[in-house]
Every structure is written in structure tokens, then in C-alpha cells.
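In what follows, a single structure is set out as C-alpha cells and then discussed.
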């Protein structure tokens, strides 16, 4: 079962339906309407701070060719005298605006603020391209505005509690480091290694060095510990290098585990997978992902 499927299962049919039916589904249930784009205001609870221009161009091309297959989801502006507020479909709305559309297919729902924020998070998390900082701030906002526990947030967005807890820990980093993490110049693995530093200035300096010099997570860990020589990596046998498919495996594992991963390839198809963790909580999180349940050993 995929993570998206798991997340939707945890959400239940009510929240799943609110994420947005297809156009055919909306027509069958009689909820499809056409609204003037100018009547739709942005979602004030949107956790994403920006949209990838390349992805937006691809979406525009798709809509231009095939039309809008999934309507946006809106609600009447609370306490307003008219107009609508976006619940789901920000990228679709932006793409249609850029194409010069004046009206857009939409589905109207009646939901409260908590549901709107939760749905905005879920929609972005299920696309798996929300920045770690935006993700963490979305969790933080759910907790602060609705007085939720971390487990409540995890249940709402279809994540493990340890995943939510580790995301929130990233917000303890200095603002400059968070900017580098948000922009993708710094990985989550680098950021977690920097959490061990109590001095914000040192953390910022080290983060900048990591970006400028292309330092690995292991090198950052070494500097955080005080500069001890790093453990030597196993030497590859002559003639066996890191093939592109090995790098793709590493990238896929890093995305899935949210940590630094290194695959060592040896002769005859043998090798090793090294997964880094940065605290007892981080180890518990990784074990929960790998085992499919909290480790109780």
C-alpha cells in the first residue's frame, strides 16, 4: 500500500471526498458549478509559500490540452457578503488564471477553519514536494491554532507521530538555516545534524559552509562533534563504481526515510545500505517506517 493510499485511508471518506472529486464524480453528485475566478480568494491556511514554476508550466500545458479534469474546491467566505475561499486546488487555480480563464469548474463545500488547514496540508503532503520547512510550519499551525497534540496532527494528515515530531524539531534551527533548507540548498539530513549545535551562529556558519563547499552529511556530523576524523568509507573494488541506478536508489531512499542514505556497491551484486540517524527519536522514527509499526524491542 502506498503512502498516499495509507494517508487517504486514515483520513476517512469524509475528508477524502473534500480533497476534490473528479469532474465526472462532481457532476454525478450534482455539486459541480462554474465560478468566476475573480470571486475566489486564496486559501489563508495554505502552508506552501511558493509554487515550482516548472511544475506550473507543465500543469498549464496539461490543462490546455485536456481541460481541467479535477475541479477546485471552495467554500463560501465565512461571515462574508459573497465570494468564495479556496480549499483545495491552488496550483490548478493559478494555472487557469495564467491561461486567461475567467471562469473555472468548482465544487462548493461547507467546512470549518480546522478542516480547511488540514486539507491544505494533506493536499500538499500527498504530492510529496512540500518543502520540509513549509511542512513543519503547517504542523505547528495546526497545533497552535486548534490546540492539537502531535498525535492528533499525525492522525489528521496520515503521518506517523515521530515524523511530525522530527519535522517540528527543524523549526528550532536559525532562520538563515531554515531558508537554505526551504530553498533546497540544504538537505533534511544536514539540518538534523545541525540540531545538535546549541550556538545559532555556529549552526548558520556551518550550514553556509555545507552549501558553499558541498559538504556531505557525514562531514557536517564530524564538524558538529568537534572535528574528529570521519570514519573511512569501505573501498570499492576496482572497476565497480557508483552507477546511475545506485544514485537513484539512494535518492529514493532519502526521500522515503527523510535521512541521509549511502549505498555501497561491491562485486557480484553484493553491497551495503547505510542509513544515518541523529538522535534516539530519529532512530525510533526510522524503525517505525521500516517495520511498519513502532519498535517495542
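Nothing in this text is a laboratory measurement; each read-out follows from the coordinates by a stated rule. Predicted model, so just to flag it, every value in this text is computed and none were measured. All Cβ positions, glycine included, derive from the backbone under ideal geometry; neighbour counts span all protein chains shown.
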Give the calculated FRET efficiency between residue 69 and residue 251 to the nearest 0.05, with a Förster radius of 30 Å applied to their Cβ-Cβ distance. 0.55
Can you tell me the length gained on complete extension of the stretch residue 273 to residue 218, counting 0.36 nm per residue apart and subtracting the Cα distance? 18.3 nm
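Taking square-rooted eigenvalues a ≥ b ≥ c of the alpha carbon gyration tensor, is the range 27-79 rounded, prolate or oblate, where a/c under 1.5 means rounded and, failing that, a/b exceeding b/c means prolate? Please list the in-between numbers first.
Details: a/c = 2.30, a/b = 1.14, b/c = 2.02.
Oblate, because a/c is 1.5 or more while a/b does not exceed b/c.
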Is the range 53-153 rounded, prolate or oblate when judged by the Cα gyration tensor, a ≥ b ≥ c being the square roots of its eigenvalues, rounded requiring a/c under 1.5 and prolate requiring a/b larger than b/c? oblate
Extension gain (nm, one decimal) between residue 113 and residue 97, 0.36 nm per residue minus Cα-Cα: 3.2 nm
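How far, in nm, would the chain grow between residue 283 and residue 27 when pulled straight, counting 0.36 nm per residue and subtracting the alpha carbon separation?
87.4 nm
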Cα-based Rg / Dmax (Å) for the range 173-232: 10.5, 33
Among 288, 135, which comes first, second and so on when ranked by fewest other beta-carbon atoms within 10 Å? 288, 135
Two-site FRET efficiency, residue 199 against residue 179, from Cβ-Cβ distance with R₀ of 30 Å, rounded to 0.05: 0.95
Under the 7 Å Cα-to-Cβ spin-label approximation, residue 266 and residue 37 lie apart by a distance in nanometres of 5.8
